[in-house]
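Peer 1: Quick one: the structure is below, questions incoming.
Only the coordinates and a few stated rules stand behind these numbers; no lab work does. Small disclaimer: the values here were computed from a predicted structure and weren't measured. Cβ: placed from backbone, ideal geometry, glycine included. Neighbour counts: every protein chain shown.
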Amino acid sequence: MTDTLRLTAEEAMGLIERSEASGAELHRAYLDAIGERDGELHAYLTTVEAAEGAGVPIALKDVISTKGVETTAGSKILAGYKPVFDSTVAACCKEAGLPLIGKTNLDEFAMGSSTENSAYGPTRNPWDPERVPGGSSGGSAAAVAGGLAPWALGSDTGGSIKQPAALCGLVGLRPTYGTVSRYGIVAFASSLDQVGPLTKTVRDAAFLYRIIAGRDPLDSTTVDLPEPVELPETEDLKGLRIGVPRELNEAEGIEPGVSEAVQRAIELCRELGAEVGETTLPRSVEFGMPCYYLIAPSEASSNLARYDGVRYGPRSGKGDIREMYMQTRDEGFGDEPKRRIMLGTYALSAGYYDAFYGQAQKVRTVIRDEFAAALEQFDVLISPTSPTVAFPLGAKTENPLAMYLSDVLAIPPNMAGLPGLSIPCGLSEGLPVGLQLIGPQFSENLLFRTGHALERAIGFDFVPERLR
Amino acid sequence: MAITRDEVLHVARLARLALTDEEVERLGSQLSAILEAVGKVAELDLADVEPTSHPLDLANVSADDESRPSLSADEVFANAPDREDDFFRVPPA
Amino acid sequence: MKWAPVIGLEIHIHLKTKTKMFCRCELEYGAEENSRTCPVCLAHPGTLPVPNARAIEMTILLGHALQCEVVERSVFHRKHYFYPDLPKGYQISQYDQPLCVNGRFALADGSEVGITRAHLEEDAAKNVHMGGSGGRIAGADRTLVDYNRAGTPLVEIVTEPDLRSSEQAKRFLQLLRQTVVELGISDAEMEKGSLRFDVNVSIRPEGSDELRTRTELKNMNSFNFAAKGIEREIKRQIGIYESGGEVEQETLHFDPGNESAPPLRSKEEAQDYRYLPEPDLVPLVPGRELVERLRGELPELPGARIARLADELDTDLAEGLVTSGRDRLFEQVPGERRAVANVLMNQWAATGVDPAAVDADELGKLIEARDRIPRAAFTEALEATGEPGFEAERYLADGQIEATADLEPLVEHVLAANPSQVDDYRGGKEGLLGFFVGQVMKETGGRANPKLVNELLREKLKA
């Protein structure tokens, strides 16, 4: 009997290599675990009965188009929609022989930080089912942390991989923008969206990143990796300069327990041989959120214009085409997409472009320059991933701005197109704390190396205490 | 930065959202609060700063003019809410 | 007061690429509905555009032909509006950074029209409105959408308001059309919708350089209709100003059926397109090498050929030959220049024969002999010039009774049959010669060489 809670993807590969388990058997084991625990967690929207492929099974966030398998983006407006094509990352997984376990829950159109915005009901945190798993890739995070998948893919626009990884005690990589194809990923904010792995270990994340990364002729914004993905081996941090940006570590709202866990990790960096110093990002944190909440909703309002009830998805409304559009979209979109469509439409409408979207793009330049300066002095920057540990369901649903603040630390590097790796660095109040490692563009190998060494030194147990 | 009820209705029309009165009310006050927060970007004087529309400095990505197979009719209409012969059917435009 | 029209044009042409602008679906006019579609041009979730390299090259080539600057950096934008012909809810187009700017285009009359810009975009799908009368929008009970056309590469050319008459606008369009056809970048066929244009019209007092409120005429379906529509719009505006009114900015939909231009219902929020730099695409930075290579591919353009031909013909004839695509044939056909030009523009034009199918030397022989052959035979021969292996000789031989030996007995027969007219002629009524010629022609079914008949008759009647 496979202990799906404990099994890492790398260990699963070992089982398959040694013929101790087949891909199909593993697939079945995870479906069984889903049958046992997903009633409570609700990590999955769809499961796939037949195992296709001989490798380690995988769960995909439901923004990742999968041929013939319903893909809803957590929205009613895509209820019943079955893509007639595979997204490039889904095709990469197939090619690598990874059988699809199912599609995981998320905040509708990946808009949110708690997975409570799903039109199909919230996902719960395996560490404490009264709490959220984070979001928007909360389904993928809960699936891996709850032993319902050995690894999963999520997507990250403003922290949607890093933050749920942090809240569920997992490793999450938001890759450098442009290294993973967005073709077939239901779009939220095109200049920010990136797909990446949620895993139990840094090495698993590196394995999965290797499978999905690289230039895709179907996505004009992708590039070839400058160097092949390396699996991290080294267990020290000798020769590395690690910067602690003051604003990312002292931001308002960071819980003391989170700060303490991060401080201990920073100490560990020193012990592992890294040179640690303080640095500053004077405007990136203060202006990162406002910048993000102009750019992402503006692009979202545009990307969501295609949901019009003409070619796919449910249709409502009587009367003429205009009536049909208005009813279909009103009934199909939930509150959060509506808020962002409204905000983005307003920001792009006549007379406001320069003050909002245009200005936000300039702020983006400022943020980019600040990170570039900090990363000249240091190889890797370090901070908490999220200011808080997992919060109770319903705690922030009435106040969108409070919810948005959950990503205040994850957003700034995203605006600069930088990769970020979140690894668990301890517990606060019995709940996981995430550590964010930020490097220059295309520095994933460096982040894997740093994360791997810290992971070994920290010795975090990724199996939720209550399930051990 | 407060957004008026008329502005909410105008934006909703632009975005083709038939909001209920309750939604107009609620979204209106939430939008005002969010706009207040994001309006902060105006505090920076960035007249001489170039905008970043893309995290990577890429240019000239294109594909050769070589055709690839289109979808079959079954695939084209697999998810269609309504169809007439080989057309998508919609209410009168 | 005398009024002067101010006219500007916006022209859309479909590019003749193999595939669409942002996906690789094949372009095929008249294909089964929705059979040339894919997840990208149907705007399925998550799909992304990839620009067609050939379409970019064609636009640069056109930019050269219009003497435009090809910019160093061009960006695609999203232009938003909701309509079922627009699958993504936005059109990918170029907005404030078009590929080609600041050009000019010389007309045959020596005037120059400024080209504001030429930019690249994608066409919308085709809507068919059903249930109303005759496919009109009003009264339709449903709309059917065919996305085959969605994503067809489209170049929009915008001129400065430099045109001063409907005739000049028409000639501009004819010359532009011929230019894009010869560049090989478009079929530019109005019936297929691969050439469409809108006209902006305003008027001002003659001698003034003010710009007054303009109206936009849409849905022009031929150059002649456009010219008529512009004429009528100029008159309408003059009427308004002269009765003390003001012209309102509006879009007029030209209906060739009743030749009137009723205002289009103005679309609510039509102006608020919420332009957004297309985040799924990266900028175009046309390398100087590419730009110069394409400049080198430019053939001699119609405008230049008109100027060259105008030296030996008059301008109208030169312009007519070039814009009808017959000037290259003209240059190959031997013979007296003006005569060749006139035949090509008149009798030969009426045959509809493809200039490319014609043997110029044979056509030259035919034109040279045109006064010696009966009209009907000449026309018949012209119609055959497009047939493979056409030989003028055969028509000249078959069609004409050229030999004196053949005609002499006929002439003698006619004279013998009309003795009193012969007497009258010899008595001084020389006008009767025409009568005798007519009789001979009648006898020969019109095939006698008239010149020869004349000579023979004169000679016989002298005796």
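Peer 1: Based on DSSP H runs of at least 4 residues, each adding -39500 (n - 2.57), what is the mean residue ellipticity at 222 nm of chain B after dividing by all its residues, to the nearest 500 deg cm²/dmol? Intermediate values should be presented prior to the final figure.
Peer 2: Working: 3 runs with 32 residues, N = 93.
Per the formula, -10500 deg cm²/dmol.
Peer 1: Further, regarding this structure: Relative contact order for chain B using alpha-carbon pairs under 8 Å, separation at least 6, rounded to a whole percent?
Peer 2: With pairs under 8 Å counted, the relative contact order is 23 percent.
Peer 1: If you rank C:Arg24, B:Arg89 by fewest surrounding Cβ atoms within 10 Å, what's the result? Provide the component values of the computation, followed by the final result.
Peer 2: Numbers: C:Arg24 22, B:Arg89 17.
Sorted ascending by nearby Cβ count, the order is B:Arg89, C:Arg24.
Peer 1: While we're on this one: Where does the Debye-calculated log10 I(q)/I(0) of the protein assembly as shown sit at q = 0.06, 0.08 Å⁻¹, using only Cα point scatterers of equal weight, no solvent?
Peer 2: Scattering profile of the protein assembly as shown, log10 relative to I(0): -0.55, -0.85.
Peer 1: OK, next. Apply 1/(1 + (r/R0)^6) to the Cβ-Cβ distance of C:Arg372 and C:Glu191, taking R0 = 51 Å, and write down the FRET efficiency to the nearest 0.05. Kindly include the intermediate steps, with their values, before the conclusion.
Peer 2: On the way: r = 40 Å, r/R0 = 0.78.
Calculated value: 0.80.
Peer 1: With r defined as the distance between the Cβ atoms of B:Arg26 and A:Ala79 and R0 fixed at 25 Å, what FRET efficiency is calculated, to the nearest 0.05?
Peer 2: Numbers: r = 24 Å, r/R0 = 0.96.
Efficiency, rounded to the nearest 0.05: 0.55.
Peer 1: For the pair C:Glu387 and A:Asp236, how long in nm is the line joining their label points, each one 7 Å along Cα→Cβ?
Peer 2: Roughly 9.7 nm, to one decimal.
Peer 1: Let me ask another. If I fit a long axis through the Cα atoms of helix C:433-444 and take the longest principal axis of the Cα atoms of chain C, what angle between them do I get, 0 to 90°, rounded to 10?
Peer 2: 80
Peer 1: How fast does the range A:311-468 diffuse by Stokes-Einstein, in µm²/s, taking the Kirkwood radius from C-alpha pairs at 10 °C and 1.306 mPa s?
Peer 2: Values: Rh = 19.4 Å.
In µm²/s, the coefficient is 82.
Peer 1: May I ask you to derive the relative contact order of the range C:311-463, considering only C-alpha pairs under 8 Å and at least 6 residues apart, and to give it as an integer percent?
Peer 2: Numbers: 153 pairs, mean separation 30.5, N = 153.
Relative contact order of the range C:311-463: 20 percent.
Peer 1: Could you check the simple spin-label distance between A:Ala54 and C:Arg308, using points 7 Å along Cα→Cβ, in nm with one decimal?
Peer 2: Those two pseudo-labels are separated by 6.9 nm.
Peer 1: Over all pairs of distinct alpha carbons, what does the Kirkwood formula give as the hydrodynamic radius of the range B:1-43, in Å?
Peer 2: Numbers: mean 1/r = 0.0931 Å⁻¹.
Averaging 1/r across every pair of different Cα atoms and inverting gives 10.7 Å.
Peer 1: By how many nm would the segment from A:Glu227 to A:Ala395 lengthen if fully extended, with 0.36 nm per residue of separation less the alpha-carbon distance?
Peer 2: On the way: separation 168, 0.36 × 168 = 60.48 nm, distance 4.35 nm.
My answer for the length gained is 56.1 nm.
Peer 1: Using the Cα atoms of the range C:307-463, I'd like the radius of gyration and the largest Cα-Cα distance, Dmax, both in angstrom.
Peer 2: My reading of the Cα-based Rg and Dmax gives 19.3, 59 Å.
Peer 1: Strictly greater than 36 Å: what percent of every Cα pair in chain A meets that?
Peer 2: On the way: 22886 of 109278 pairs.
It works out to 21 percent of all Cα pairs.
Peer 1: Please state the relative contact order of the range C:404-462 as a whole percent: Cα pairs under 8 Å, 6+ residues apart? Working shown, then result.
Peer 2: Values: 38 pairs, mean separation 26.0, N = 59.
Once normalised by length, the contact order is 44 percent.
Peer 1: Once you have the Cα-Cα distance between C:Asn454 and C:Lys429, take 0.36 nm times their residue separation minus that, and quote the gain in nm to one decimal. Present the calculation step by step, with values, prior to reporting the outcome.
Peer 2: Details: separation 25, 0.36 × 25 = 9.00 nm, distance 1.56 nm.
Extra length from C:Asn454 to C:Lys429 when fully extended: 7.4 nm.
Peer 1: Continuing with this model, one more query. Can you give the mean number of other chain Cβ atoms that lie within 10 Å of the Cβ atoms in peptide A:330-339?
Peer 2: Values: counts 7, 1, 1, 2, 0, 4, 0, 1, 8, 6.
For peptide A:330-339, the averaged partner shielding equals 3.
Peer 1: Related question: For the range A:57-100, just the Cα set please: Rg and Dmax, both in angstrom.
Peer 2: 10.3, 31
Peer 1: I'd like the Kirkwood hydrodynamic radius of chain B, using the inverse of the mean 1/r over distinct C-alpha pairs, in Å. Numbers along the way, then the final one.
Peer 2: Details: mean 1/r = 0.0522 Å⁻¹.
For chain B, the Kirkwood estimate is 19.2 Å.
Peer 1: How large is the helix-only mean residue ellipticity at 222 nm for chain C, computed as the sum of -39500 (n - 2.57) over DSSP H runs with n ≥ 4, divided by its residue count, in deg cm²/dmol to the nearest 500?
Peer 2: Numbers: 16 runs with 170 residues, N = 463.
Value at 222 nm, helices only: -11000 deg cm²/dmol.
Peer 1: Sketch the reach of a paramagnetic label on C:Ala403 as a point 7 Å from Cα along Cα-to-Cβ, and name the residues of the range C:348-381 whose backbone nitrogen lies under 20 Å away.
Peer 2: Only C:372-374 fall inside the zone, counting backbone N under 20 Å.
Peer 1: Shielding of C:73-85 by partners, i.e. mean partner chain Cβ atoms within 10 Å per residue? Write out the running numbers ahead of the final one.
Peer 2: On the way: counts 1, 1, 1, 0, 0, 6, 0, 8, 2, 12, 6, 12, 2.
Mean inter-chain Cβ contacts per residue within 10 Å come to 4.
Peer 1: Give the Kirkwood hydrodynamic radius (Å, one decimal) of the range A:394-468, defined as one over the mean of 1/r across all pairs of different Cα atoms. Mind showing how you got there, number by number?
Peer 2: Numbers: mean 1/r = 0.0696 Å⁻¹.
For the range A:394-468, inverting the mean 1/r across all distinct Cα pairs yields 14.4 Å.
Peer 1: Still on this structure, please answer the following. Which order do peptides A:104-117, C:309-322, C:208-221, A:323-336 fall in by mean Cβ count within 10 Å, highest first?
Peer 2: On the way: A:104-117: 30.5, C:309-322: 19.1, C:208-221: 15.3, A:323-336: 21.3.
Top of the packing list down: A:104-117, A:323-336, C:309-322, C:208-221.
Peer 1: Taking a 29 Å limit on the Cα-Cα distance, which of the listed pairs A:Lys200/A:Lys362; A:Lys82/C:Lys88; C:Lys79/C:Lys192; A:Lys67/A:Lys200 fall beyond it? The partial results should precede the final answer.
Peer 2: Details: A:Lys200/A:Lys362 37 Å; A:Lys82/C:Lys88 18 Å; C:Lys79/C:Lys192 25 Å; A:Lys67/A:Lys200 27 Å.
Among A:Lys200/A:Lys362; A:Lys82/C:Lys88; C:Lys79/C:Lys192; A:Lys67/A:Lys200, the Cα-Cα distance tops 29 Å for A:Lys200/A:Lys362.
Peer 1: Would you kindly give the portion of the calculated P(r) for the range C:326-399 that falls above 15 Å, as a percent of all Cα pairs? It would help to have the intermediate numbers written out before the result.
Peer 2: Details: 1199 of 2701 pairs.
Tail of P(r) above 15 Å: 44 percent of Cα pairs.
Peer 1: For peptide C:47-57, compute the average count of partner chain beta-carbon atoms within 10 Å of each residue's beta-carbon. Don't jump to the answer; show the numbers that get you there.
Peer 2: Working: counts 13, 14, 4, 9, 5, 5, 7, 5, 2, 3, 2.
Rounded to a whole number, the mean comes out at 6.
Peer 1: Taking the beta-carbon count within 10 Å as an exposure proxy, list C:Trp348, C:Trp3 from fewest neighbours to most.
Peer 2: On the way: C:Trp348 24, C:Trp3 15.
Lowest to highest Cβ neighbour count: C:Trp3, C:Trp348.
Peer 1: If all Cα-Cα distances of the range C:404-462 are sorted into 10 Å bins from 0 onward, what percent lands in each bin, rounded to whole numbers?
Peer 2: Reading the bins upward from 0: 24, 62, 14.
Peer 1: For the range C:3-295, just run the numbers: alpha carbon Rg, then divide by 2.2 N^0.38 Å, N being how many residues it has. Working shown, then result.
Peer 2: Numbers: Rg = 19.5 Å, N = 293, 2.2 N^0.38 = 19.0 Å.
In units of the 2.2 N^0.38 Å rule of thumb, it is 1.02.
Peer 1: Let me ask something additional. Mind giving me the nanometre distance, one decimal, between the label points for A:Glu278 and C:Ile240, set 7 Å out from Cα along Cα→Cβ?
Peer 2: The two pseudo-label positions are separated by 6.9 nm.
Peer 1: Output the 0 to 90 degree angle, nearest 10, between the alpha-carbon long axis of helix B:21-38 and the longest principal axis computed from the alpha carbons of chain B.
Peer 2: For B:21-38 against chain B, the angle is about 70 degrees.
Peer 1: What fraction, in whole percent, of alpha-carbon pairs in the range C:174-224 exceed 17 Å separation?
Peer 2: Working: 658 of 1275 pairs.
When every Cα pair of the range C:174-224 is considered, 52 percent fall beyond 17 Å.
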